[in-house]
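**Q** For reference, the structure I am asking about is given below.
The values are calculated or read from the model by the stated rules, or taken from the named source; none is laboratory data. What you see is a predicted model; the values in this text were computed from it and never measured. Note that each Cβ is placed from the backbone with ideal geometry, even for glycine, and that neighbours are counted across all protein chains shown. Note: areas computed on protein heavy atoms with side chains; ligands, DNA, RNA excluded. Shrake-Rupley method; radii C 1.70, N 1.55, O 1.52, S 1.80 Å.
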Amino acid sequence: MTAHLTRIKSRLSIHAHRKVRGLLEGEYAAIHAGRGIDFNDLREYVRGDDVKDIDWKASARSRQLLVKRYVAERKHTVLLCVSTGRSMAALAGVGAQPRPAPTSKRELAVFVAGVTGYLAVQHGDVVGLVHGDAERRHVSRPGSGELHLERLLGEVHDAIDPDGPPGDLTALLRHVVRTIRRRTILLVVTDEPAVTEEQAMLLRRLTAQHEVLLLTLGDLDPTAPVLSDRRLLDIDAGAEVPAWLRRDAQLHRELATLVADEAQEMRRRLDQLGIVQEQVRDLDGAVTTIFRLLERHRHARRR
């Protein structure tokens, strides 16, 4: 019943130190403007907490900084907006293990959406989902609890099919603009490497109503030396990547430069829109990337 969320929590506990998980929780809490009115309990201070919330007397007794936690005045809504076109069934980057193995972008999308949703659930917030491709869009109403989140993650996983329609981020954003009325913390998850003029216009409209964050999933570099002995299939073309291409050192360097330039241009465009964006390449770095996204968003809101 809770296969996706169980794997996410397991990876969090194995790959993220307790302090890192605390920092992640602190950065998520910092997204919410203002504090609740009712005191709830105390917890250890983490970077990103408001110093006004430090309980100095309790901190002196325990010899560690403790902050007061408050009951939120109202629940916030986190909306996971995930592009589920067929390209999301392709491979993303390789991890940093001794024998690195590529991660599917589908697995990566479920993980980053799941971590964000899990943070929301832990804070008592509600989580909704909108996903789609070039042919269809689907909205799941916000709900609370881990079972609800598990169902949403299952929808994302099952919607991504290598034989399905291509992705269409423009249509997905247009659908969100047209159908989502309540204010949300909107996390957009996509594998598109650039922002078009229409997408920029739609994102600008969304920032007027929502707290918008964007995570892009990096593509696998088919020319990486570590993959030289693997058979690779181009999902969009439906053909195998030629072996000679995967052993071309010059092509590897040129592709790396192109990808870096595209990423820089995308960040520049999104910075102009006031939207914080980070790229996730593999599961090993996903937690750190989500933390960096939340941290940068907090600083951007203060400027």
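**Q** What size of dipole, in debye to the nearest 20, comes out for the stretch 192-269 about its Cα centre when the only charges are +1 on Lys and Arg C-beta atoms and -1 on Asp and Glu C-beta atoms? Mind showing how you got there, number by number?
**A** Numbers: 10 positive and 15 negative charges, 42 e Å.
In total the dipole reaches around 200 debye.
**Q** Please report, to two decimal places, log10 I(q)/I(0) for the stretch 104-203 at q = 0.10, 0.15, 0.23 Å⁻¹ as given by the Debye formula with identical point scatterers on the Cα atoms and no solvent.
**A** -0.27, -0.62, -1.41
**Q** To continue, here is another question. Expressed in nm², what is the orientationally averaged projection area of the convex hull enclosing the Cα positions of the stretch 134-175?
**A** Working: hull surface 13.2 nm².
Average of the hull's projected areas for the stretch 134-175 equals 3.3 nm².
**Q** Going by average Cβ density within 10 Å per residue, which order do the peptides 174-187, 270-283, 211-224 take, highest to lowest?
**A** Details: 174-187: 17.0, 270-283: 19.2, 211-224: 21.2.
For the peptides 174-187, 270-283, 211-224, the packing ranking is 211-224, 270-283, 174-187.
**Q** Still on this structure, please answer the following. Would you mind classifying the stretch 114-161 by shape? Square roots of the alpha carbon gyration tensor eigenvalues, ordered a ≥ b ≥ c; an a/c under 1.5 is rounded, otherwise it is prolate if a/b is larger than b/c and oblate if not.
**A** Numbers: a/c = 2.65, a/b = 2.04, b/c = 1.30.
Prolate, because a/c is 1.5 or more and a/b exceeds b/c.
**Q** State the Cα centre-to-centre distance between the stretch 230-250 and the stretch 147-161 in whole Å.
**A** Measuring centre to centre over Cα atoms gives 30 Å.
**Q** Could you work out the local net charge near residue 163, counting Lys and Arg as +1, Asp and Glu as -1, over the other residues with Cβ closer than 15 Å to its Cβ? List each step's numbers first, then the result.
**A** On the way: positive: 86, 106, 136; negative: 133, 135, 158, 161, 234, 236.
Net charge around residue 163: -3.
**Q** What is the Cα coordinate range of the stretch 155-234 on the first, second and third principal axes, sorted by size from largest, in whole angstrom?
**A** Computed over the stretch 155-234, the largest-to-smallest principal extents equal 50, 24, 21 Å.
**Q** Additional query: Which distance in nm do the two modelled labels at residue 197 and residue 262 give, with both placed 7 Å along the Cα-to-Cβ direction?
**A** 2.1
**Q** Let me ask something additional. What figure, in Å² to the nearest 10, do you get for the accessible area of residue 257 with a 1.4 Å probe and non-protein molecules left out?
**A** Taking all protein chains as shown, residue 257 has close to 80 Å².
**Q** Once neighbouring chains are kept in place and the probe is 1.4 Å, which whole percent of the accessible area of the stretch 151-303 is contributed by carbon and sulfur?
**A** On the way: 4020 of 7950 Å².
That share works out to 51 percent.
**Q** Which residue, 131, 184, 159, has the largest displacement toward the positive end of the dipole of the stretch 113-202 when charges sit on each Cβ (Lys, Arg +1; Asp, Glu -1)?
**A** The residue sitting most towards the positive pole is 184.
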